[in-house]
Amino acid sequence: MKKKRIEKIIVFISVAAVLALFVFFLKDIMIPLFRLQFNNDVGGAKALLTSKGIAGGIAVILIEALQMVVIFIPAEFIQVSAGLSYPFYIAALLCDAGVCLGASIIFILVRTFRFDTARARKTGEEIAGMARKKGELNVQLLMYLLFITPIIPFGAICYYGSSTDIRYRRYILTVATGVIPSIITSNLIGATAKAFLMNALPLWLLVLIIIFLMACLFVLLWLFLDKIYFKNGDGTPDSAAYFLVTGAASLWRRHCQRLHVDNEKLKGLEPPFVVLCNHVSFYDFYYTLELLKGYNCSYVINHHITEAPVLRYFSRKSGMIPKKMFYPDTAGWKMIKKLKAGYPVVVFAEGRLSVDGRNNPIVESAAAVYQRLRYPIVLAHISGGYFSYPKWRGRFFRSDVNVSVTRVIQPEELKQMSAAELEKIIADSMTYDESENPVNSYRKKNMAVGLENVLYRCADCGELYTTRTKGCDIFCTACGKSHHLDANYRFKGDIGSIPEYYDRIKDYERAELNDLMLQTEADVKVYSDNKPRVRKEKGVCTLTKDEFTYRSDNIEFSIPTENIPALAFSCNKEFELYHNDLQYYFYPVENRRQAARWALIVDLLREERMKNGQE
């Protein structure tokens with residue numbers, strides 16, 4: 001008891017001494033420096049620090065320490081200012097001393113006074129989640145990783161480290177050495193900026209040096225991740241590549257949307273399991289990452305994306321599962337392999353983005369496989385994402401997006417279900433209509449722009465490719481009819497929504513199916529998994545009720561329509577399919593808006609086959 005009292009007295013005296021130092025420097029240095037910082041006046045900070053001599057150096061230490069304790073204040077300003085004001089080696093020592101002082105204060109606050117803040121607690125929980133994923137590695141190694149990562153503030157890392165059982169000696173050694181790469185980078189940027197300001201360095205060289213320094217920091221981070229921290233995770237979601245890909249996605253999208261996550265039903269669920277989610281927009285990968293935070297998941301993604309030059313490396317290293325869209329391949333076997341290795345697997349069950357804000361049918365159901373595997377099935381749902389960035393619009397609208405776990409089906413439940421019952425449950429969980437259940441209201445001037453690329457046919461007169469858009473209106477150049485979108489993306493009039501307009505187009509196309517004969521000349525790109533990866537040619541595509549045919553100077557082939565369950569397409573651009581493991585991208589020469597028509601007619605042909613019991 002006496003020992004604890006003495007410890008508290010020592011702590012009190014130490015904290016009081018630090019506060020006294022702050023007060024001593026407050027009037028002449030600290031307040032002016034903070035003003036300069038908030039104004040981002042690096043030149044003014046340099047002049048102030050230089051004029052104060054030793055006191056300026058102490059101010060650098062104190063401000064660096066304060067920025068550690070108050071974690072939302074960025075540290076780069078004072079580090080760059082120090083690099084401008086002092087020789088490089090002195091600036092680095094001052095900043096490192098400030099970090100160590102701040103880390104020590106945090107250690108005392110957390111260990112002795114049980115100090116806590118909402119920001120520190122939230123960041124600490126995120127870091128603790130990472131620690132759980134890499135449970136075999138100690139806190140010290142994780143702190144080194146985080147100090148190199150330019151995402152989490154130093155102070156937040158120290159709050160986390162102080163909340164663990166790490167001893168102070170090891171803790172402060174980790175802090176003192178772990179921050180050096182980042183401090184050196186900031187100080188060198190300050191030093192090069194100083195040379196530039198003194199006209200001893202041209203602008204182009206200053207830019208190159210800064211880029212080089214940041215690249216060095218990134219390479220150091222990558223080597224640490226790949227060779228030390230994640231050395232046994234190559235090719236899995238426990239890899240360095242997965243950490244960087246998911247971290248970049250989170251950093252990129254975190255403040256762009258108002259994302260609301262409900263993963264209450266995941267509590268206590270241990271991997272492996274299968275996650276099935278609807279597919280409303282381009283950013284569904286990020287939404288599910290946030291939903292499944294704390295789990296490292298393997299994603300089933302478009303094979304073509306995984307073959308892009310840079311993404312090819314990262315997708316393979318991070319354990320993604322490439323899937324050739326609507327074509328038989330080995331994705332199912334790879335998915336089973338990942339599950340057996342203990343990783344959750346995420347599948348966007350529709351296989352393609354929504355066209356009109358409603359779900360696409362699931363044409364490649366694996367319900368029978370899921371049932372035999374006897375792993376838990378997590379049904380997830382995204383709402384509010386479609387109108388924020390639909391496939392037909394080139395702009396993103398900031399929106400509220402809800403992502404939630406709607407149901408978890410345990411292996412015991414799967415035993416009691418037939419494959420057909422499970423398939424229906426999955427299909428029902430994917431059902432949505434964002435026009436009927438709007439999550440957002442939009443006050444935008446160009447809400448309809450791009451919509452003509454999916455609503456390619458007039459719903460009133462039936463004419464092809466006569467629809468145009470302007471502002472919030474879609475109109476027909478043949479009959480002159482116009483439809484206006486309100487703030488909820490609904491039309492005013494007898495056609496109430498985009499899905500209703502799309503259904504009118506379907507009715508026109510169904511009436512012409514028996515006499516179907518689509519034909520177009522196309523510029524074609526043929527992708528292979530081998531080199532050369534891309535071959536360009538010209539050819540003619542033909543679609544009848546029974547088959548799809550392609551003919552060029554190099555090749556001619558036909559595919560029965562019953563073997564084309566769906567046709568992926570990009571608005572006003574191309575449609576695509578596989579033949580003999582080669583992926584063909586067809587860019588219509590005459591009118592690229594027709595890409596949406598080819599895809600819709602393939603859907604209608606499948607719908608008719610199902611109606612007739614042929615599938």
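Some notes on this structure:
- Shape of the range 235-353 from the C-alpha gyration tensor: rounded (a/c under 1.5, with a ≥ b ≥ c the square roots of its eigenvalues).
- Under 11 Å from the K445 label point (7 Å along Cα→beta-carbon), backbone N, the range 469-503: 471
- R609/L251 FRET efficiency (R0 51 Å; Cβ-Cβ; nearest 0.05): 0.65
- Inter-site label distance for R407 and R374 at 7 Å from Cα along Cβ, in nm: 2.2 nm
- Cα shape, the range 429-551, gyration tensor, a/c 1.5 rule: prolate
- Coupling constants for the range 521-528 follow from the phi torsions by the Karplus curve (6.51 cos²θ - 1.76 cosθ + 1.60, θ = phi - 60°), and in residue order they are 7, 9, 7, 10, 10, 10, 9, 10 Hz; glycine and proline get x.
- Global form of the range 554-615, assessed from the alpha-carbon gyration tensor, a/c cut-off 1.5: oblate
- Potential extension, T112-A419 segment - 0.36 nm per residue separation minus Cα distance: 104.7 nm
- Zone of N554's modelled label, taken as backbone nitrogen in the range 566-582 under 12 Å from a point 7 Å along Cα→Cβ: 582
- With a Förster radius of 35 Å applied to the beta-carbon distance between R167 and K293, the computed FRET efficiency rounds to 0.70.
- Neighbourhood net charge (14 Å Cβ-Cβ; Lys/Arg +1, Asp/Glu -1) for I172: +3
- At most 14 other Cβ within 10 Å, DSSP loop - trypsin sites (Lys or Arg not before Pro), the range 363-434: R374, R395, R398
- Within the range 492-517: backbone nitrogen closer than 12 Å to the E590 label point (7 Å, Cα to C-beta): 517
- Maximal additional length on extending the N488-F396 stretch stands at 31.5 nm, based on 0.36 nm per residue less the C-alpha distance.
- Separation of alpha-carbon centers, the range 514-543 and the range 456-470, rounded to whole Å: 26 Å
- Each Cα pair under 8 Å and six or more residues apart adds its separation to the average, and for the range 530-581 the resulting relative contact order is 20 percent.
- Computed with a 1.4 Å probe on the full set of protein chains, the accessible area for D529 sits at about 60 Å².
- Residues K481 and K536, FRET efficiency given R0 of 60 Å [Cβ-Cβ distance, rounded to 0.05]: 0.90
The values are calculated or read from the model by the stated rules, or taken from the named source; none is laboratory data. It should be emphasised that the depicted structure is a prediction, and the values quoted were computed from it without experimental measurement. Quick reminder, even Gly has a Cβ in these numbers, built from the backbone with ideal geometry, and neighbours come from all protein chains shown. Quick note on the areas: whole protein, heavy atoms, side chains included, nothing else; ligands and nucleic acids left out. Shrake-Rupley method; radii C 1.70, N 1.55, O 1.52, S 1.80 Å.
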